[in-house]
């Protein structure tokens, strides 16, 4: 495990008004308008906490989100809705499922094509939203993508293409195809003038954070562990909690795979530039196998994150097994490779990294929050990992 402590940016400022409590509530109301909305569980793992010498551990379980086994649909659906609001001239400031899927817009929307690149979850969310709208979707996936993730996208009626390159190069292919055909490009990596959709995707993720915040009530976490690919989820959730908790802001710890630590690399350079990780970015944490940070997200994390970590695949595997085989009456959570990276890192620190634990101020009074961002999106891989004793 590699750790970079962030002590240099506490006096810097970054605008996080787009991630206010009020905005999060508005986004959550949009998602609540969907016919299949159900709030996902915030699971208290009290016995796991006691065993590891902390006050409490909570895990937000996103495996039941809209029946898509991942939180990613939150971002894609909200970004698409905001684009439709602009294109269709919808004047209402309060978006709803009923409004964007109404018959009066159907003939226009069905001619639209949404394009994205994905390791699986984001693309499935975009494709599912396109299906709800009666529109078209074309999704690009990197080489080595799991067949189940590919099949789940195809089941929505979308066209899915597995490229012969890594995730970041697949993003470039999708970008070019969308631009050449004047299609709507839905991606969470901001670049140049492409800022609005990545911002709206990030805002969409706040539903997950807002639900957790409301479920916690008067309980304020001391530490939040957030996994990062390009960093959009981590940045959005961090900004939300900075607004929600203000002077009680928990310590935020960012988690990335060893071979895809673009946030870690950029933070370490600390030169005002984004730094990329190139190559195959090999890791079982497919959703985190990204080499190029989102600029919007990194600006937030550079100020508000307390530490950046890079971890081995074994850490995620341990997290998956721990959630699959709970202690006592703790609830079982089915968490995929990327989803379990946060809790896996928590356990790695508590069990094997006493100096890191001390430096982060984790002790018997600590309340830890993690987000299991996906379920078993590749069941074959999941079963192979969790059943290996």
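Values quoted throughout were computed directly from the atomic coordinates according to the rules given, and no laboratory measurement underlies them. These numbers were taken from a predicted model, which means no experiment stands behind them. Methodologically, a virtual Cβ is constructed for each residue, glycine included, from the backbone with ideal geometry; neighbour enumeration extends over all protein chains shown.
Return the total of residues in the stretch 101-131 being outside any loop (DSSP other than H, G, I, E, B) and more than 19 Å from residue 207 (Cα to Cα). If you could, list the steps in order and put the result at the bottom.
Our first condition is that a residue be outside any loop (DSSP other than H, G, I, E, B); within the stretch 101-131, this holds for 103-109, 113-117, 121-131.
So of that shortlist, the ones also more than 19 Å from residue 207 (Cα to Cα) come out as 103-109, 113-117, 127, 130-131.
Qualifying residue count, the stretch 101-131: 15.
A quick yes/no check of all residues on (1) out of contact with any strand residue (DSSP E or B) (no Cβ under 8 Å at 6 or more places or on another chain); (2) assigned to a strand (DSSP E or B); (3) surrounded by fewer than 14 Cβ atoms within 10 Å (Cβ to Cβ):
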{"position": "3", "(1), (2), (3)": "no, yes, no"}
{"position": "23", "(1), (2), (3)": "yes, no, no"}
{"position": "26", "(1), (2), (3)": "yes, no, no"}
{"position": "30", "(1), (2), (3)": "yes, no, no"}
{"position": "35", "(1), (2), (3)": "yes, no, yes"}
{"position": "40", "(1), (2), (3)": "no, no, no"}
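Of the residues making up the stretch 349-382, those that are buried (at least 21 other Cβ atoms within 10 Å of the Cβ) and farther than 23 Å from residue 152 by Cα are 349, 350, 362, 366, 368, 369, 370.
Working only within the stretch 350-389, note down all residues that are under 25 Å from the mean Cα position of the chain (by Cα) and without any contact (Cβ under 8 Å) to a residue 24 or more places away in the chain. Steps first, answer last, please.
Taking the stretch 350-389 as the starting set, the residues that turn out to be under 25 Å from the mean Cα position of the chain (by Cα) are 350, 356-357, 360, 362, 366-386.
Scanning the stretch 350-389 gives 357, 383, 384.
The listed residues are 305, 340, 297, 312, and the only one of them that is under 22 Å from residue 263 (Cβ atoms), in contact with a helix residue (DSSP H, G or I) (Cβ under 7 Å, 6 or more places away or on another chain) and without any contact (Cβ under 8 Å) to a residue 40 or more places away in the chain turns out to be 340. Examine the stretch 257-265 for a residue that is surrounded by fewer than 18 Cβ atoms within 10 Å (Cβ to Cβ), farther than 21 Å from residue 121 by Cα and free of Cβ contacts under 8 Å to residues at least 40 places away in the same chain, and state whether such a residue exists. Scanning the stretch 257-265, I find no residue that is surrounded by fewer than 18 Cβ atoms within 10 Å (Cβ to Cβ), farther than 21 Å from residue 121 by Cα and free of Cβ contacts under 8 Å to residues at least 40 places away in the same chain, so the answer is no.
Do we find that residue 120 is touching a helix residue (DSSP H, G or I) at 6+ places or on another chain (Cβ under 8 Å), closer than 15 Å to residue 70 by Cβ and touching a residue at least 60 places away in the same chain (Cβ under 8 Å) in this structure?
Values: touching a helix residue (DSSP H, G or I) at 6+ places or on another chain (Cβ under 8 Å): yes; closer than 15 Å to residue 70 by Cβ: yes; touching a residue at least 60 places away in the same chain (Cβ under 8 Å): yes.
Criteria met by residue 120.
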